[in-house]
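The values are calculated or read from the model by the stated rules, or taken from the named source; none is laboratory data. All of these numbers come straight from a predicted model, not from anything done at the bench. With ideal geometry, Cβ positions are generated from the backbone for all residues, glycine too; neighbour counts draw on all protein chains shown. These area figures cover heavy atoms from the full protein model, side chains too; ligands, DNA and RNA do not enter into them. Shrake-Rupley method; radii C 1.70, N 1.55, O 1.52, S 1.80 Å.
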Amino acid sequence: VLQLLRGVQRGSEDRKGSLSHLRWALQNKETQQKFVRLDGSIRTLIGLFTSSLADMQMEAARCLHELSHSSDPAVAEACLPVTSYLLTYLSGDSVEFTELCLYTLGNLVVESEAVRRQLLPQGIIPVLASCIQSPHEAVLEGLGYVLSQLLQAKEAPVEIVPLVLDSVLPQHMLRLVCSGLKTATGAAVEFAWCLHYIICSHTANAALLSLGALPALASLFLEMASEIPQDAPEGLELLVCPVLRCLSNLLAEETGCHLQVQDERLLIALFLILQSFLQQHPFMAQECLWLLNNLTADKPFFCWALLSLDLLPALLQLLSCSQMASVLVLTVLCNIAEKGPPYCQQLHQQQALTLLLPTLILPDPQVVGQCLELLHLLFLHCPEAAADFLRQGGHRVLEQHQSTPELQERARALLDMLRQPVGATILSPCHPALSAFS
């Protein structure tokens with residue numbers, strides 16, 4: 001490494017070759033650590049990175065990019081002097097060079113808080129905002145990568161998100177996410193995750209809602225569902241997933257924003273998405289159920305729409321997907337049952353009990369516990385359900401749960417309800433349904 005560095009410093013005829021060999025050497029973790037400790041190493045790279053020789057400049061940029069991959073914060077901090085130059089060169093004409101600078105910045109901000117604290121006063125957010133007008137997909141994808149790394153930093157909600165909101169970035173990110181639907185471009189995926197990280201900061205949702213983020217994302221979701229071919233292209237799930245999360249988290253806001261999306265087509269779209277992705281990407285069940293939970297929590301419109309559109313059988317089929325999916329399905333059913341007698345009667349008429357009984361004998365206390373919550377609501381609002389439950393022998397399963405510490409109180413309460421004559425006063429629910437997931 002020292003020999004290669006000297007070859008670069010001497011300016012020999014083969015300096016470009018030495019620089020190229022150095023780049024390959026810097027792919028090694030130990031080499032990276034040794035290199036930054038050598039006197040004048042970073043200074044030499046910066047000299048070549050800022051030179052007027054385009055080929056040398058590009059090779060030096062590649063060396064810096066290799067260094068930025070290091071997981072050692074000391075290596076990232078050794079690169080602090082180059083950050084201002086990386087920002088300056090983002091306005092250059094070379095797409096490849098700009099892309100390289102963006103990814104180098106993105107890698108550096110991941111590993112070092114010191115780098116992030118230096119970049120913010122240097123104006124990284126305004127510089128990135130100027131890049132978002134680029135017509136080049138590679139530049140936009142690199143820009144999305146830098147932003148997503150910044151927005152995941154622990155200080156992001158207080159120090160970075162407000163700067164992003166004060167720029168033109170949010171509205172352009174929304175536009176690019178929506179326009180990237182057909183091909184699920186890398187840039188659209190990166191910006192969708194950026195929006196997700198902004199929403200998760202809980203400091204920006206009012207600003208995003210004022211930009212029309214909720215109807216825009218809802219329209220995108222409907223369009224996604226309507227245009228997915230029978231064999232969904234690989235990679236499309238990478239865009240669908242953050243869009244689902246953005247919608248779900250915005251709907252969890254207590255701002256009445258769900259009134260902006262009272263459209264039963266969202267439920268149909270959600271189940272079409274499930275149908276398209278579930279087999280190849282089982283994790284999508286959980287993502288879709290989070291959204292369904294937030295659509296139905298405290299929102300009678302979507303609860304009734306799910307029942308009237310005959311989507312309950314498709315929902316109940318998801319009980320077998322995974323432990324978390326089972327809990328979420330039962331939570332959605334609790335959301336519906338909480339709305340009162342007409343909803344519980346519909347659940348009962350659509351044979352919900354038939355599929356609940358096998359769930360009740362599962363060895364998972366969390367799943368069974370949520371199932372008990374649902375049964376309590378059904379018995380409370382629909383005495384016919386309680387009678388059917390007895391006829392099907394459900395009380396025997398409840399008796400078994402009396403010996404399970406975390407379930408015994410609720411199991412006994414349900415048995416007490418079943419022993420009361422129809423029409424008698426029934427106990428209030430032991431526990432409320434789960435609140436909306438964020």
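How many residues are more than 20 Å from VAL158 (Cα to Cα), touching a Leu at 6+ places or on another chain (Cβ under 9 Å) and not in a loop (DSSP other than H, G, I, E, B) when one looks only at region 117-137? The total comes to 2.
Being among the charged types (D, E, K, R) and either at pLDDT below 90 or within 18 Å of ALA297 (Cβ to Cβ) (or both) is a property that GLU384 lacks.
Pull up region 361-373, narrow it to residues that are in contact with a Leu (Cβ under 8 Å, 6 or more places away or on another chain) and under 17 Å from GLN392 (Cα atoms), then point me to the one that is surrounded by the fewest Cβ atoms within 10 Å (Cβ to Cβ).
Narrowing region 361-373 to residues in contact with a Leu (Cβ under 8 Å, 6 or more places away or on another chain): 365, 367-373.
Filter again for under 17 Å from GLN392 (Cα atoms), leaving 371-372.
Values: CYS371: 29, LEU372: 24.
Checking each candidate, the answer is LEU372.
Put simply, of SER148, SER112, SER130 the only residue that is polar (S, T, N, Q), touching a residue at least 12 places away in the same chain (Cβ under 8 Å) and within 24 Å of HIS202 (Cβ to Cβ) is SER148. As a summary of the residue check, LYS154 satisfies the conditions (1) outside any loop (DSSP other than H, G, I, E, B); (2) more than 14 Å from ILE124 (Cα to Cα) except for the one numbered (1).
Of the residues THR31, THR44, the single one that is among the polar types (S, T, N, Q), more than 22 Å from LEU119 (Cα to Cα), touching a residue at least 24 places away in the same chain (Cβ under 8 Å) and in a helix (DSSP H, G or I) is THR31. Scanning region 253-299 for residues being outside any loop (DSSP other than H, G, I, E, B) and at pLDDT 90 or above gives a total of 24. Within region 384-413, the set of residues being in a helix (DSSP H, G or I) and open to solvent by 50 Å² or more (accessible area, probe 1.4 Å) comprises GLU384, LEU390, ARG391, ARG396, GLU399, GLN400, GLN402, SER403, GLN408, GLU409, ARG412.
Go through region 1-28 and report how many residues are modelled with pLDDT under 80, part of a helix (DSSP H, G or I) and either on the phi > 0 side of the Ramachandran plot or among the charged types (D, E, K, R) (or both). Number satisfying all stated conditions: 4. Among the conditions (1) surrounded by 19 or more Cβ atoms within 10 Å (Cβ to Cβ); (2) in contact with a Cys (Cβ under 8 Å, 6 or more places away or on another chain); (3) at pLDDT 90 or above, the only one that ALA433 does not satisfy is (3).
How many residues are part of a loop (DSSP other than H, G, I, E, B) and open to solvent by less than 40 Å² (accessible area, probe 1.4 Å) if we restrict to region 47-71?
Start the filter on region 47-71 by keeping residues that are part of a loop (DSSP other than H, G, I, E, B), which leaves 50-53, 69-71.
From what is left, the residues that are open to solvent by less than 40 Å² (accessible area, probe 1.4 Å) are 51, 70.
Adding up the residues that qualify gives 2.
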